[in-house]
Amino acid sequence: MNKKIWLSSPHMGQAEKGFVEEAFTTNWIAPLGPNVDGFEQDLCEYNKIGHAAALSSGTAAIHLALMILGVQKDDIVICQSFTFSASANPILYLGATPVFIDSEADTWNMDPLYLEEAIKKYTSLGKKPKAIIPVHLYGMPAKLEAIIAIAKQYEIPVIEDAAEALGSTWHGKACGSFGDFGVLSFNGNKIITTSGGGALLSENSDWIKQARFLATQARDTAPHYQHSHIGYNYRMSNVLAGIGRGQMMVLNDRISQRRANYAFYEKAVKDIPGISFQPELSDSFSNRWLTSILVDPKKTNGVTREDIRLHLEKDNIESRPLWKPMHMQPVFTGAPYFGEKVSQNLFEHGLCLPSGSNLLIADLERVVLKMKEIL
Ligand SMILES: *Cc1c(COP(=O)(O)O)cnc(C)c1O
């Protein structure tokens, strides 16, 4: 069997071990500690944002953001449909109702037209949405200008799900720094990883203070354990934050590498009829977390994305269909949806190719060879 080629596997640098070892030497294994502070500072500097809270996951970050915005049972929260379920699940944790929005064909992210339609409808029903969750899928910035303008016009806060987009920018400004809150993830397959983790970003220091409070079991100031709020155990540990500090030192290299993967694939298969890529608009810079293609069987003599996926799998190469939209998921049956079939179409015809920053040229060549074989 050929060597396994993963979709996106962790890629450690030189410094991570040092930070983790320091946590061991100083016995700072408990949650919180100097690595957590250092990692948060790194995130603030890198994203040019005022405040950051390092957390146990990106999902926890979205949950806390919704809580801090006061989202409650039966509230409406607008969310991009074409995403990973973690963007939407925390809406349900709070008993609120997700309203899903289709993508537009350029960036594959939230369509501002349907966003506004949904806001108008629910506002006219006296149920003004409490938050908007746009996503920068595969690292590609959403149409931020339009989305932020609509959010401002209707005075609805934005939780920017930048879990896949650390290092992506729009007009040179970091994804995750546009919304009232920004969300990052350091899960194992993301562009950098702490093995598991996330962060909540904001310019609002009170909100980040509140996030830290809720994330550490909501302890009131008292010598004993005193609580006036329901708390959560959502903080990042000092050991994992050490990995994060090391990973921040190589983040820009990882982005270059992922962008080089994209360039390699694009050059290799762009002349094959029926294959297209997620385009990068002129004002955007994508970290190209995952290189994704669309396959049009009408132009490939009937070869579908599933044919390609299975052919790669036979050669021990992992690829994956694009996210299945939330409005098509059994768990969200009946949730309101605004849009047509853009995201459904992306799901049916799209494939994420192996995109790790640790792939070798020989690996990329093998993927391309296999793709060309079946195409
Ligand atoms: C990974 C991811 C999340 C969740 O992050 P975790 O750290 O795995 O909880 C949320 N949204 C999107 C779009 C993601 O890709």
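Assigning unit charges at the beta carbon (Lys, Arg +1; Asp, Glu -1) and nothing else, what dipole magnitude in debye, to the nearest 20, does region 252-374 show about its Cα centre?
Working: 17 positive and 16 negative charges, 3 e Å.
For region 252-374, the charge dipole is close to 20 debye.
Sorting 180, 111 by accessible area puts them as 180, 111; the probe is 1.4 Å, largest comes first, and only protein heavy atoms count.
Per-residue ellipticity at 222 nm from helix content only, as computed over the chain with -39500 (n - 2.57) for each DSSP H run of at least four residues, stands at -11500 deg cm²/dmol. Note on residue 267 and residue 282: the extension gain reaches 3.5 nm, defined as 0.36 nm multiplied by sequence separation minus the Cα-Cα distance. Farthest toward the positive end of the dipole of the chain, out of 297, 14, 327, is the Cα of 297, where the dipole comes from beta carbon charges about the Cα centre. Sorted into 5 angstrom bins from 0, the C-alpha pair distances of region 188-269 split as 3, 12, 15, 15, 15, 13, 9, 7, 5, 3, 2, 1, 1 percent.
Mind checking the dipole of the chain: about its Cα centre, +1 per Lys or Arg Cβ, -1 per Asp or Glu Cβ, Debye to the nearest 20? Can you show the working numbers first?
Numbers: 36 positive and 40 negative charges, 98 e Å.
That gives a dipole near 460 debye.
Take every Cα pair under 8 Å whose residues are at least 6 apart in sequence, average their separation, divide by the length of the chain, and the relative contact order is 25 percent.
Protection proxy ranking, highest mean first, for peptides 264-270, 101-107: 101-107, 264-270, where packing is the per-residue count of other beta-carbon atoms within 10 Å, averaged. When the Cα centres of region 219-269 and region 2-25 are compared, how far apart do they sit, in Å? Measuring centre to centre over Cα atoms gives 13 Å.
At a Förster distance of 35 Å, what's the computed FRET efficiency of residue 340 paired with residue 228, Cβ-Cβ distance as r, to 0.05? Before the final figure, lay out the partial values.
Details: r = 47 Å, r/R0 = 1.34.
Working from the Cβ atoms, E equals 0.15.
A Cβ-based charge dipole, computed about the Cα centre of region 109-149 with Lys and Arg at +1 and Asp and Glu at -1, lands at about 280 debye. A 1.4 Å probe run over region 252-374, with the rest of the protein chains in place, finds 46 Å² accessible per residue.
For residue 232, neighbours were defined as the other residues whose beta-carbon sits under 12 Å from its Cβ, and their charges (Lys and Arg +1, Asp and Glu -1) total +3.
Hull surface divided by four, with the convex hull built on the Cα atoms of region 16-248: how many nm²? Intermediate results must be reported in sequence, preceding the final value.
Values: hull surface 50.7 nm².
So the mean shadow area of the Cα hull is 12.7 nm².
Measuring nothing but protein heavy atoms, the accessible surface of the chain at 1.4 Å probe radius is 54 percent carbon and sulfur. Positive end of the dipole of the chain (Cβ unit charges, origin at the Cα centre): among 351, 337, 233, the Cα lying farthest that way belongs to 351.
Descending by average beta-carbon neighbour count within 10 Å, the peptides 14-23, 247-256, 120-129, 345-354 line up as 345-354, 247-256, 14-23, 120-129, the highest first.
For region 252-374, the equivalent ellipsoid derived from the alpha-carbon gyration tensor has semi-axes of 25, 19, 14 Å in decreasing order.
With a/c under 1.5 counting as rounded, go ahead and sort region 174-225 into rounded, prolate or oblate using the C-alpha gyration tensor (a ≥ b ≥ c being the square roots of the eigenvalues; past the cut-off, prolate if a/b is larger than b/c, else oblate). It comes out oblate by the Cα gyration axes. The residues of region 108-169 expose on average 34 square angstrom of accessible surface per residue, using a 1.4 Å probe on protein heavy atoms. Over all other residues within a Cβ to Cβ distance under 12 Å of residue 244, the charged ones net out to -2, with Lys and Arg as +1 and Asp and Glu as -1. How high is the FRET efficiency between residue 252 and residue 362 when r is their beta carbon distance and R₀ equals 25 Å, given to the nearest 0.05? For R0 = 25 Å, the calculated efficiency reads 0.55.
To check you understand DSSP bridge types, tell me what percent of the beta bridges within the chain (both residues inside) are antiparallel, rounded to 5.
Values: 25 of 41 bridges.
Restricted to the chain, the bridges split so that about 60 percent are antiparallel.
Taking each of 121/324; 128/341; 3/372; 73/324; 130/152; 270/370 in turn, the alpha-carbon distance tops 22 angstrom for 121/324; 128/341; 73/324. Highest average first, the peptides 201-212, 325-336 ordered by how many other beta carbon atoms sit within 10 Å of their residues are 201-212, 325-336.
For region 142-219, the equivalent ellipsoid derived from the Cα gyration tensor has semi-axes of 22, 19, 9 Å, listed largest first.
The values are calculated or read from the model by the stated rules, or taken from the named source; none is laboratory data. Keep in mind it's a predicted model, so treat the numbers as computed, not measured. Here the Cβ is made from the backbone with ideal geometry for all residues, glycine too, and neighbour counts use every protein chain on show. Areas reflect the complete protein model, heavy atoms only, side chains present, ligands, DNA and RNA absent. Shrake-Rupley method; radii C 1.70, N 1.55, O 1.52, S 1.80 Å.
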